[in-house]
1. Does A:Ala188 count as small (Gly, Ala, Ser), in contact with a Phe, Trp or Tyr (Cβ under 9 Å, 6 or more places away or on another chain), more than 18 Å from A:Thr148 (Cα to Cα) and open to solvent by 10 Å² or more (accessible area, probe 1.4 Å)?
2. Quick one: is A:Asp182 facing chain B (nearest Cβ under 9 Å), surrounded by fewer than 19 Cβ atoms within 10 Å (Cβ to Cβ) and either touching a residue at least 24 places away in the same chain (Cβ under 8 Å) or under 21 Å from A:Gly83 (Cβ atoms) (or both)?
3. Which of (1) of a type in the set (Lys, Arg); (2) within 12 Å of chain B (Cβ to nearest Cβ); (3) open to solvent by 50 Å² or more (accessible area, probe 1.4 Å) is the odd one out, the single condition A:Arg66 does not satisfy?
4. With the condition kept exactly as written, say whether any residue in segment B:61-84 is more than 10 Å from every other protein chain (Cβ to nearest Cβ), over 27 Å from B:Gln4 (Cβ atoms) and open to solvent by 60 Å² or more (accessible area, probe 1.4 Å).
5. If A:Val53 satisfies all but one of (1) within 22 Å of A:Leu207 (Cα to Cα); (2) out of contact with any Lys or Arg (no Cβ under 9 Å at 6 or more places or on another chain); (3) in contact (Cβ under 8 Å) with a residue 40 or more places away in the chain, what's the number of the condition it fails?
6. What is the number of the single condition among (1) away from chain A (no Cβ under 14 Å); (2) modelled with pLDDT of 95 or more that B:Gly32 does not meet?
7. Say we look at segment A:195-209 and pick out the residues that are in contact with a strand residue (DSSP E or B) (Cβ under 7 Å, 6 or more places away or on another chain) and open to solvent by 10 Å² or more (accessible area, probe 1.4 Å); which of these is nearest to A:Ala42 (Cα to Cα)?
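The values are calculated or read from the model by the stated rules, or taken from the named source; none is laboratory data. This structure is a prediction, so every number in the text was calculated from the model and none was measured. Note that each Cβ is placed from the backbone with ideal geometry, even for glycine, and that neighbours are counted across all protein chains shown. These accessible areas exclude ligands, DNA and RNA; they are computed on the full protein's heavy atoms, side chains included. Shrake-Rupley method; radii C 1.70, N 1.55, O 1.52, S 1.80 Å.
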Amino acid sequence: MSRKELREKAKILAKEHGYLPYMIERYLVLWGEKETLQFLEACEKPLRTSIRVNTLRADQEVVIKRMKGKKIILERIPWLDSGFYGDFTETSTPGAFLEHMLGFYYVQGVPSMTTVQVLDPQPNETVFDLAAAPGGKTTHIAQQMHNTGRVLAIEQDRQRLNSLESNILRCGVTNAIVYRGDAKKIQALNIQPDKILLDAPCSGEGLIPLDPTRKTSKTMADVHYCATRENEMLDAAISTLAPEGTIVYSTCSIAPEENEYIVDSILKKYPEIKIVPIPLDFGSAGYTEPFGVHLDESLRLARRFLPHQDGTEGFFICKMIKEAA
Amino acid sequence: MKLQLLDTIEWANISQSIETEFGEGISKKLLGDLTPIAITERDIRTIYLIPLSWMSVVLEEVPAGFDFHLVGKQLGVMTKDRFRLSLQILPDMLKLTTKVLIVSRRGAEAFTYGRSILKESIVWYDPELKRGQRVLVVNEDNDCLGIAALSTDAERINRLSQDSLVGKNLVDIGWFIRRLG
């Protein structure tokens, strides 16, 4: 397809599906026409509701039984320890159940749960959760650590701190220290964590199945703005991480500029940082040549969730370690 | 926000407040091997319990641009006039006290929507409870739903009509949802 043909095609599809033309043009270059159409179609379908059973408050079997009593059958998500699909269409919203108020579960997207499973926090470690609100990942990290060690959750936005606090209290998390502050300045805390989760604030392009307004709400300039901030946050996180520490970088964007490009520049800047395989069976490989730009080959070890392949929101997850000097 | 260790007088006041309502020795059991600290914002002091090993981190000067918002296990909030228990500590409290009011499924549902407790919802109560007493509100599955203040002596409950108020809702777990709109 010539450049002109591609533009024309993008214009038609954008009008048909309600997107900004630049987005479709990028999808066509990235995936080709067939996959782009599959993506556009998948974004119109509702996503399955998923929950994480919070074992800090209740045993999995208890929650499964109690929800069954309320006509909610929970179906285990294969690669997740505590993740379940639940069909709430015939009942109240998942947040309205007593078991939710009791902190027995957290309503959470499959990719969000997967990031913490990939990080694999262990009891008694010190773990940073950057840009932590609303707290799905903070509470999941605490759960994996059995409320031991320390989770240092950093969030700058005052309003979002309220939701982070609520969820920490509701889920019975007692090993969290919540700071209000800028995650780009975490070196000032003078703590070298064993693990860091950076689910960076992003353009949210992967969330179109959940929020159709995203089809038209962000320009390419917004993507570049987010990419700059993500780069700064990841840079600060890498500098803070303890030698032999692990970091997971993720976003709910599908734009390579916010994902593979960011990690590639970090790999160039910090030779001690290496991408490591993710030993869980989900998603597809990260891109090593998006838009014809050649990136580090190890980026294929990163994983992507895509709506048309995985039935989830779009997401990027990359696990890295900092080798000892 | 300022983070401080609690002095013995303040801790004694909080302990007394908890034990007057829920029974002797409870505050010591809640404390276990943790240390009480407070985060102060204006005239509200939120009390947390933290492991001793955290002291070096939390008592160090917080760098410019950072502020503590929450630390460890939240015990409650001290305002000008009184101490209020945190919802987070209620499951721990339930294991330690008999000052409870067990309510029916319907009563439990209404309570988590912020309503108070009527006699018709009561399934069980400690007959020693007195008017004004704080009690944990519990459903028939033994889940703690919040705190209520008794509006009558327990020995008088039997004489009340079905629609009489028995427990005024002070705080309930529905707050987690209502707070976020």
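1. Judged against the criteria, A:Ala188 is a match.
2. Answer is yes for this residue.
3. Condition (3) is where A:Arg66 drops out.
4. No, because not a single residue in segment B:61-84 is more than 10 Å from every other protein chain (Cβ to nearest Cβ), over 27 Å from B:Gln4 (Cβ atoms) and open to solvent by 60 Å² or more (accessible area, probe 1.4 Å).
5. Single failed check for A:Val53: (1).
6. Answer for B:Gly32: the failing condition is (1).
7. Ranking the qualifying residues of segment A:195-209, first place goes to A:Cys202.
Per-residue answers, yes or no, for (1) farther than 25 Å from A:Leu207 by Cα; (2) modelled with pLDDT of 95 or more; (3) in contact with a Pro (Cβ under 7 Å, 6 or more places away or on another chain); (4) within 10 Å of chain B (Cβ to nearest Cβ):
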site	(1), (2), (3), (4)
A:Glu75	no, yes, no, no
A:Gly86	no, yes, yes, no
A:Glu90	no, no, no, no
A:Glu99	yes, yes, no, yes
A:Gln108	no, yes, no, no
A:Pro111	no, yes, no, no
A:Thr115	no, yes, no, no
A:Asn162	no, no, no, yes
A:Leu169	yes, yes, no, yes
